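A.B. asks: Following this message is one structure expressed as structure tokens.
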């Protein structure tokens, strides 16, 4: 199998598979594959009409299940042989319990499956985020209303390359504030996220990213951007706001959800990486499901 790094030139090939996938995981958003590719050493190949990925973690290759026809016994054997050739342990990642069951049927009692809660993704009903109806969203409505009372003349801006420098200035300030209370592990995560963010901004148009910003008195106080996972799920790749302004996160979240094309019924807001503050914030928006990632290790 000929695996090669994910480049911008591969966008059309990869999306011809991923945008038709049923998966709701942000792992399949092309901008994530590309912008995080240098860190994870993400590679892909197309074999027998199927798309395969692999990435490096802890000096081990982890293979994505084939996109399309994932119950193909030949595909599993191809990946096994590839792992043997690379002389590395065989680890298989699935994004759905049903897919795990398929591979268990091919190799009965062959895999031990584990799930990392820190890497589970938060999936929301798009209507919940844009309308904030009901008692369970009372606190979010309060934050939005507080912001609207404080800044009735705020501006909602479409994120374009022209305002990216201002967004980066806000992100620098956000990182500076985070440094005061972060752990060493969180510091590494924030630095990696910054590198991915910079890559996304450097290639914003080429990646077909869609975003927005909130401007108060001529200053950007929040921004966000994302891209489709498929025709039904939109991925929020990044969201940053001035934490000193009450409601800045709530307003950018709601207003962007309202302007995402109507075909997207679900919004994926990605993982919390085990950061407790981030976990609390994501849970407070009442996800409809956590998208779990299963890693299969051969028992033998």
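A.B. asks: Show me the helices (runs of 4 or more DSSP H) found entirely inside segment 111-220 where at least 3 residues are under 30 Å from residue 65 (Cα atoms).
C.D. replies: Hits in segment 111-220: 184-202.
A.B. asks: Identify all residues within segment 87-118 that are within 22 Å of residue 45 (Cα to Cα) and buried (at least 16 other Cβ atoms within 10 Å of the Cβ); write none if there are none.
C.D. replies: Residues satisfying the conditions are 90, 91, 92, 93, 94, 95, 96, 99, 100, 102, 103.
A.B. asks: If you go through segment 239-258 one residue at a time, do you hit one that is in contact with a helix residue (DSSP H, G or I) (Cβ under 8 Å, 6 or more places away or on another chain), at pLDDT 95 or above, surrounded by fewer than 20 Cβ atoms within 10 Å (Cβ to Cβ) and in a strand (DSSP E or B)?
C.D. replies: So far as segment 239-258 goes, yes, one or more of its residues are in contact with a helix residue (DSSP H, G or I) (Cβ under 8 Å, 6 or more places away or on another chain), at pLDDT 95 or above, surrounded by fewer than 20 Cβ atoms within 10 Å (Cβ to Cβ) and in a strand (DSSP E or B).
A.B. asks: Quick one: count up the residues across segment 17-40 that are at pLDDT 95 or above and more than 15 Å from the chain's Cα centre (by Cα).
C.D. replies: The qualifying residues number 0.
A.B. asks: Hey, another quick one. Look at segment 221-238 and say how many of its residues are in contact with a helix residue (DSSP H, G or I) (Cβ under 6 Å, 6 or more places away or on another chain) and part of a loop (DSSP other than H, G, I, E, B).
C.D. replies: 1
A.B. asks: Would you mention how many residues in segment 138-164 are under 18 Å from residue 225 (Cα atoms) and surrounded by fewer than 11 Cβ atoms within 10 Å (Cβ to Cβ)?
C.D. replies: Residues that pass the stated criteria total 3.
A.B. asks: Filtering segment 61-86 down to residues that are at pLDDT below 85 and more than 14 Å from residue 1 (Cα to Cα), which residue is surrounded by the most Cβ atoms within 10 Å (Cβ to Cβ)?
C.D. replies: Per the criteria, the residue is 65.
A.B. asks: Go through segment 242-290 and report how many residues are without any contact (Cβ under 8 Å) to a residue 60 or more places away in the chain and within 20 Å of residue 168 (Cα to Cα).
C.D. replies: 3
The values are calculated or read from the model by the stated rules, or taken from the named source; none is laboratory data. Remember, predicted model here, so these are calculated numbers, not experimental data. Don't worry about glycine lacking a Cβ; one is built from the backbone with ideal geometry, like all the others, and counts go over all protein chains shown.
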